[in-house]
Amino acid sequence: MMDAGWVEELDRRGAILAEIAEIGPVVPGSLVARMTRCQNPGCHCNADPPELHGPYWTWSHRRGGRQVTTNVSAEEAERLRPLIAADRRLHELLHQLETLGADETVARNRRVVVGSQPEEAGAKR
């Protein structure tokens, strides 16, 4: 008979896998909105208080082991936002699956088998 903890773990693993299946397309990276100042002395960005230019959106991600930063339009940033959020959620769910697997391994290794003897040094396997 399965104990309740094992059944809960199977249920949790199934729920995580079901959520992963529902995620859809993902895009790695992050979006940043930057506000800038120009070098024109008469511009409103140099006033007191300043009214900066922007926002200018950049998408940063890794490609081929290198950090890549790309300027994107506000519309493209809005399109990327849910895809990046989905990528983060996917990584969270994968971490939860890894944790479940590690916890299961630790629990299995802690179980004591009655009557088991440690292997003798040099014994053949």
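The values are calculated or read from the model by the stated rules, or taken from the named source; none is laboratory data. These numbers were taken from a predicted model, which means no experiment stands behind them. Glycine also receives a Cβ, built like all others from the backbone with ideal geometry; neighbour counts cover every protein chain displayed. Side chains are part of the model used for accessible areas, which takes the heavy atoms of the whole protein and leaves out ligands, DNA and RNA. Shrake-Rupley method; radii C 1.70, N 1.55, O 1.52, S 1.80 Å.
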Item to check | So Arg79, is it at pLDDT 90 or above, more than 30 Å from Glu9 (Cβ to Cβ) and surrounded by fewer than 14 Cβ atoms within 10 Å (Cβ to Cβ) | outcome: yes
Item to check | Subset of segment 16-48 [in contact (Cβ under 8 Å) with a residue 40 or more places away in the chain, outside any helix (DSSP H, G or I) and open to solvent by less than 80 Å² (accessible area, probe 1.4 Å)] | outcome: Ile23, Gly24, Val26, Val27, Pro28, Gly29, Ser30, Leu31, Ala33
Item to check | Positions within segment 56-67 being part of a strand (DSSP E or B) and either at positive phi or open to solvent by 70 Å² or more (accessible area, probe 1.4 Å) (or both), in sequence order | outcome: Tyr56, Arg62, Arg63, Arg66, Gln67
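If I filter segment 96-111 for residues that are aliphatic (A, V, I, L, M), under 17 Å from the mean Cα position of the chain (by Cα), closer than 30 Å to Asp11 by Cα and assigned to a helix (DSSP H, G or I), do I get at least one hit?
Filtering segment 96-111 down to residues aliphatic (A, V, I, L, M) leaves 97, 100, 102, 106-107.
Still in the list and also under 17 Å from the mean Cα position of the chain (by Cα): 97, 100.
Filter again for closer than 30 Å to Asp11 by Cα, leaving 97, 100.
After this cut, where a residue has to be assigned to a helix (DSSP H, G or I) as well, the list is 97, 100.
Yes: segment 96-111 contains one or more residues that are aliphatic (A, V, I, L, M), under 17 Å from the mean Cα position of the chain (by Cα), closer than 30 Å to Asp11 by Cα and assigned to a helix (DSSP H, G or I).
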